[in-house]
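The values are calculated or read from the model by the stated rules, or taken from the named source; none is laboratory data. For clarity, every value in this text was computed on a predicted model and none was experimentally measured. Note that each Cβ is placed from the backbone with ideal geometry, even for glycine, and that neighbours are counted across all protein chains shown. Surface accessibility is based on the protein's heavy atoms, side chains included, excluding ligands, DNA and RNA. Shrake-Rupley method; radii C 1.70, N 1.55, O 1.52, S 1.80 Å.
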Amino acid sequence: MWRPEDDALLQRIEDELVIEAVWRRETGGARPLHRRAAGLVAMLRTVPGGTDVIEEAGRALAAHPGAALPDPGGLSLLLRPASMRGLSGPLLHHLAVFHERVADVTSAEVAFGARLRALAAWFAMTHDDAYLSTVIEGALGDVSDDDLRAHRALAMRRPLDELGRMARAGARELDASSHAALRALAATAQAAHLAGLSGAQARPLVMHADRLRAGAIDAALAPIANAVADLVARNAHEAEGPAAMEHVVSVWHWSGWDEHVERFAVDEVTPVAWTIYQREPGYTHLRYLITPLVPLVERLAQRVSEDPTAIAYAAPVAQMYVFRSGMASDAEERIRLAERAVAVCPSHRNGRFALARLLCTEVRRRLDRGFWMMGDRAELERKLDRAAELNPDAKGLVTLRERLASLGGWVR
């Protein structure tokens with residue numbers, strides 16, 4: 001005689017087979033989950049249309065026994081809802097745990113999406129007050145309403161704290177898992193949107209995630225700061241400075257191109273660069289020091305141009321362009337980089353003086369060449385006017401004006 005409990009057992013077995021097949025497809029065959037994970041399939045049955053999707057998956061498994069689901073179709077969509085808002089607490093709990101497990105055993109790109117969905121599920125779970133209260137009271141016993149509110153806030157921050165722990169744990173080694181954790185923390189606003197949180201609800205979570213990211217990045221940068229201080233104390237600027245800057249670049253990539261790393265790079269390299277510049281007029285060692293940082297400086301320059309609040313870094317970035325201008329072997333490139341210095345920080349003295357000098361040099365070179373095209377006079381006069389605007393005392397400026405005025409006619 002077939003009993004209701006037999007129906008329940010059969011459905012449980014079918015759910016276990018489905019979750020095993022889904023797991024194989026999602027992870028490529030990682031170590032199987034505990035059988036309790038089948039609870040996710042049971043919860044998906046409660047979603048509108050979920051039972052039909054699960055039954056379809058069961059039929060696909062019957063046709064391909066022992067394999068991953070050949071095409072999860074609707075089941076994949078159930079695992080990746082467009083919004084987590086409105087889903088039940090138990091289902092969100094299962095989704096959060098499932099996607100965290102997927103993230104733990106998959107490639108970086110797959111893991112990022114899984115962690116994003118896990119965060120969103122944890123955040124959305126706080127919408128189900130009854131379920132969250134049940135979970136909290138199950139862990140702590142009877143608690144007051146104030147304690148429930150406090151633990152509800154902690155429940156939203158707990159997954160972020162775990163990501164922050166992962167990020168700091170691998171910060172010194174810049175390992176893949178810590179990079180993935182940083183990337184997930186940076187997507188907190190996206191996860192909050194997927195969870196259906198309001199802006200007011202999301203804001204403290206994003207701020208908390210930013211603090212956790214900053215702490216991990218500081219942990220990665222601390223050894224570099226110590227190394228730079230040590231090489232300065234030992235006067236090993238040329239010998240060890242470039243390796244320290246290469247390490248900064250590695251942290252920048254690991255951090256997901258974080259602005260804090262760009263600012264750190266400019267702060268740390270500037271005094272080292274000045275020491276090398278004053279000791280070596282040939283720029284060889286300065287080139288070794290600064291060249292690795294070019295992408296960081298370019299990105300920080302863009303931020304300074306777009307954000308008026310970043311004005312404090314306008315002058316340091318401009319000085320990096322001045323150094324690069326001096327390092328360049330091509331005359332046009334030297335002028336272009338000096339122009340960038342003045343564009344980033346119009347009041348930067350070194351940038352203005354360097355550009356004025358280069359403009360005068362260009363005019364002198366054109367005059368010394370002894371051959372010019374019609375219209376060159378106006379162009380050269382504009383260059384000297386620009387040089388005078390940048391630095392009225394630029395060396396040779398008066399002499400060049402006199403040479404231009406004395407030439408009379410122009411040869412074509």
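Contact order normalised by length for the chain, with contacts defined as Cα pairs under 8 Å and 6 or more residues apart; what percent is it?
It comes to 8 percent, rounded to a whole number.
For segment 319-383, max minus min Cα coordinate along each principal axis, in Å, sorted largest first?
Reported extents, whole Å, longest axis first: 36, 23, 13.
Order of 126-134, 111-119, 157-165 by packing, highest average Cβ count within 10 Å first?
Answer by packing, highest mean first, reads 111-119, 157-165, 126-134.
In the neighborhood of ALA219, defined by Cβ-to-Cβ distances under 10 Å, what is the net charge if each Lys or Arg adds +1 and each Asp or Glu adds -1?
Charge balance in the 10 Å sphere: +1.
What distance in nm separates the simple spin-label points at THR399 and THR284, each placed 7 Å from Cα in the Cβ direction?
3.0 nm
Between SER107 and SER76, 0.36 nm times their residue separation minus their Cα-Cα distance comes to what?
Gain in length upon complete extension: 9.3 nm.
Heavy-atom accessible area per residue, the chain, 1.4 Å probe: how many Å²?
Computed with neighbouring chains in place, this is 51 Å² per residue.
Can you order the peptides 397-407, 294-304 by their average number of other Cβ atoms within 10 Å per residue, highest first?
Put in order of decreasing packing, that is 294-304, 397-407.
Do me a favour and compute the ellipsoid semi-axes for the chain from its Cα gyration tensor, root of five times each eigenvalue, largest one first, whole Å.
Over the Cα atoms of the chain, the semi-axes work out to 63, 23, 20 Å.
In terms of the Cα gyration tensor, with a ≥ b ≥ c the square roots of its eigenvalues, is segment 287-358 rounded because a/c is under 1.5, prolate because a/b exceeds b/c, or oblate?
oblate
Within the set of other residues whose C-beta is less than 10 Å from the C-beta of THR27, count the net charge using Lys and Arg as +1 and Asp and Glu as -1.
+2
Using the Cα gyration tensor of segment 204-295, with a ≥ b ≥ c the square roots of its eigenvalues, what is the shape: rounded (a/c below 1.5), prolate (a/b larger than b/c) or oblate (neither)?
It is prolate, given that a/c is not under 1.5 and a/b is the larger ratio.
Using alpha carbons only, how many degrees (0 to 90, rounded to 10) separate the axis of helix 4-27 from the longest principal axis of the chain?
Value to nearest ten degrees: 20.
Would you please give the residues with an amide H less than 5 Å from that of ARG45, counting only those at least 5 places away or on a separate chain, with H modeled from the backbone geometry?
So ARG45 has HN proximity to no qualifying residue.
Taking only DSSP H segments of four or more residues, each worth -39500 (n - 2.57), what value at 222 nm results for the chain once the sum is divided by all its residues, to the nearest 500 deg cm²/dmol?
Value at 222 nm, helices only, nearest 500: -25000 deg cm²/dmol.
Roughly how tilted is helix 294-306, in degrees to the nearest 10 and between 0 and 90, from the longest Cα axis of the chain?
Its long axis makes an angle of about 90 degrees.
Can you pull the percent of the chain's accessible area that's carbon plus sulfur, 1.4 Å probe, other chains left in place?
Of all accessible area on the chain, carbon and sulfur atoms account for 55 percent.
Using the per-residue mean of other Cβ atoms lying within 10 Å as a proxy for protection, in what order, highest first, do the peptides 274-285, 177-188 fall?
177-188, 274-285
Ignoring ligands, DNA and RNA, how do LYS395, LYS383 rank by accessible area with a 1.4 Å probe, largest first?
Accessible-area ranking of LYS395, LYS383, largest first: LYS395, LYS383.
Rounded, prolate or oblate for segment 225-354? Axes are the square roots of the Cα gyration tensor eigenvalues, ordered a ≥ b ≥ c, and the cut-off for rounded is a/c under 1.5.
Oblate.
Taking only Cα atoms and a 10 Å spring cutoff, compute GNM fluctuations for the chain and point out the largest among LEU174, LEU390, LEU221.
LEU390
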